[in-house]
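The values are calculated or read from the model by the stated rules, or taken from the named source; none is laboratory data. In this text, all values refer to a predicted model and were calculated from it rather than measured experimentally. Here Cβ is always computed from backbone atoms with ideal geometry, including for glycine, and neighbour counts include all displayed protein chains.
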Amino acid sequence: MAEPVIRTTVDQIRRFTLDRHLLIKKTDKDLVSAIGQVCGLNSQTARAPYISLWSRVQGFKRSDYDKALYQDRILIKTWLMRGTVHTVPTKEFTIYQKAVGRNLYEKWKKSLEKYGLMPLDKRRTKLEQRLLDLLDQGSFTKKELLGEVKGLLKGYREREEKIIVSRTLRTLAYQGLICHGEPTGPWYHFKENRFTAVNRWAPEVDLERMEENEARDRLLIKYLKGYGPATVNDFAYWSGMAVTEAKGVFDRLKSDLIRVEVRGVKGDYWIHKRDGRRLTGGNKRRSNVIFLPEFDPLIMGHKEKVRILDEKYKKRVFLRLADVAPVIIADGQVIGTWNYRFSDKSLKVLLFKRIDKKVREKIDKEKLAIKKFLESD
């Protein structure tokens, strides 16, 4: 019996992904559900998660995110996919951590061995345990933690002490033991990050209840629902897994997936079988003009950006030193970048090419709307 195949177009997969990313029409879902649907929000910069949510959730206010994360703690923020900081629903944290944590930890250990400047054996173990003991009691900045562990770092210069504490915190985070607390500084700019123990932030989290393979299987299903159709390379790129590991997850779930051929695009794409009809039926509505932040989930979700970004403009979005620009989307494609400066309240738009008057008017309207959001109390 022949393997079932769905044949589709770039335009159809673009609309499907935009719909799943809540970018064709803002959702009235609660923000935790919205974050879960896109498999977490990249939170490397302070402002990014707020803008990602404003672009997706009807009536979103910054205080909604702050309350869910810092008061109710139904969100948790830490290093996850690709070793970058993400905010995910607390109830799903075990899936993400168990799926990617071991890889992160093992790669991190190898890099520490390569670069050196870490206490060895018993001394390092004592430092890790002391930091954990402190973080079990509250939230601390790196500076505060350094003052508490200086006695364990005799013989190092001050700069080296800071590096060692930073690296040890990441080591603990990759094991799922600590997470980010509430930072100091204004909402749009981290002054200093705070850290705390996961079992203090969310006592209900139990990392032992799920094996790695189960977590990876569940993560792939979540990923394909939000980012499908996607390739093995896409999933590896997004999650940070090796391609061989990502392929193993696809192979285990092959009976739940349908292969997708995208006209004019090379590679085997896959989607969950429950979404096959939705892909070809899809939401026929066009998306409006949308301003997305740096590192938005839509931009970081696939290795090949064919559905949203023309290859000739890629270097204008994916910048030097692994930076990613905030982008403007029109009809599902990146048409330019933007930047807002809080110092003088200026918003600059850089378009890749000439656009028609109607799109220009939509950009001007959305520019005013996001400026109002960024400047609101």
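Evaluated against (1) surrounded by fewer than 23 Cβ atoms within 10 Å (Cβ to Cβ); (2) in contact with a Gly (Cβ under 6 Å, 6 or more places away or on another chain), Asp72 falls short on exactly one condition, (2).
Taking first residues from segment 181-207 that are free of Cβ contacts under 8 Å to residues at least 40 places away in the same chain and partners that are surrounded by fewer than 17 Cβ atoms within 10 Å (Cβ to Cβ) and of a type in the set (Val, Ile, Thr), the Cβ contacts under 6 Å between residues at least 6 apart in sequence or on separate chains come to Lys191/Thr184.
Screening Arg14 on (1) crowded, with 19+ Cβ neighbours inside 10 Å; (2) in contact (Cβ under 8 Å) with a residue 40 or more places away in the chain; (3) over 27 Å from Gln97 (Cα atoms); (4) of a type outside the set (A, V, I, L, M) shows it passes everything except condition (1).
The helices (runs of 4 or more DSSP H) found wholly in segment 1-67 and carrying at least 1 residues that are of a type in the set (Asp, Glu) occupy 10-20, 62-66.
For segment 322-349, taking the residues that are of a type outside the set (Gly, Ala, Ser) and free of Cβ contacts under 8 Å to residues at least 24 places away in the same chain, the one that is surrounded by the most Cβ atoms within 10 Å (Cβ to Cβ) is identified as Thr337. Taking segment 133-184 as the range and being β-branched (Val, Ile, Thr) and over 21 Å from Lys77 (Cα atoms) as the test, the residues that pass are Val149, Ile163, Ile164.
For segment 143-158, which residues satisfy the criterion of being without any contact (Cβ under 8 Å) to a residue 40 or more places away in the chain and either assigned to a helix (DSSP H, G or I) or loosely packed, with under 10 Cβ neighbours inside 10 Å (or both)? Please lay out each step first, then the result.
Filtering segment 143-158 down to residues without any contact (Cβ under 8 Å) to a residue 40 or more places away in the chain leaves 144, 146-158.
Selection gives Glu144, Leu146, Gly147, Glu148, Val149, Lys150, Gly151, Leu152, Lys154, Gly155, Arg157, Glu158.
When Gly240, Gly248, Gly276, Gly282 are checked against the criterion of being within 26 Å of Glu214 (Cα to Cα) and modelled with pLDDT under 95, Gly276 stands alone in meeting it. Apart from one condition, Ala34 fits all of (1) without any contact (Cβ under 8 Å) to a residue 40 or more places away in the chain; (2) touching a helix residue (DSSP H, G or I) at 6+ places or on another chain (Cβ under 6 Å); the exception is (2).
A search for C-beta distances below 9 Å between a residue of segment 296-314 that is under 18 Å from Gly40 (Cβ atoms) and any residue that is basic (Lys, Arg) and outside any loop (DSSP other than H, G, I, E, B), counting only pairs 6+ apart in sequence or on different chains, returns Met300/Arg82.
Okay, residues lined up against (1) of a type in the set (A, V, I, L, M); (2) touching a Ser or Thr at 6+ places or on another chain (Cβ under 6 Å); (3) surrounded by 14 or more Cβ atoms within 10 Å (Cβ to Cβ); (4) within 27 Å of Pro49 (Cα to Cα):
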site: Phe195; (1), (2), (3), (4): no, no, yes, yes
site: Val198; (1), (2), (3), (4): yes, no, yes, yes
site: Leu219; (1), (2), (3), (4): yes, no, yes, yes
site: Gly240; (1), (2), (3), (4): no, no, yes, yes
site: Lys254; (1), (2), (3), (4): no, no, no, no
site: Arg259; (1), (2), (3), (4): no, no, yes, no
site: Val265; (1), (2), (3), (4): yes, no, yes, no
site: Ile271; (1), (2), (3), (4): yes, no, yes, yes
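The number of residues in segment 83-95 that are among the aromatic types (Phe, Trp, Tyr) and over 11 Å from Val205 (Cβ atoms) comes to 0.
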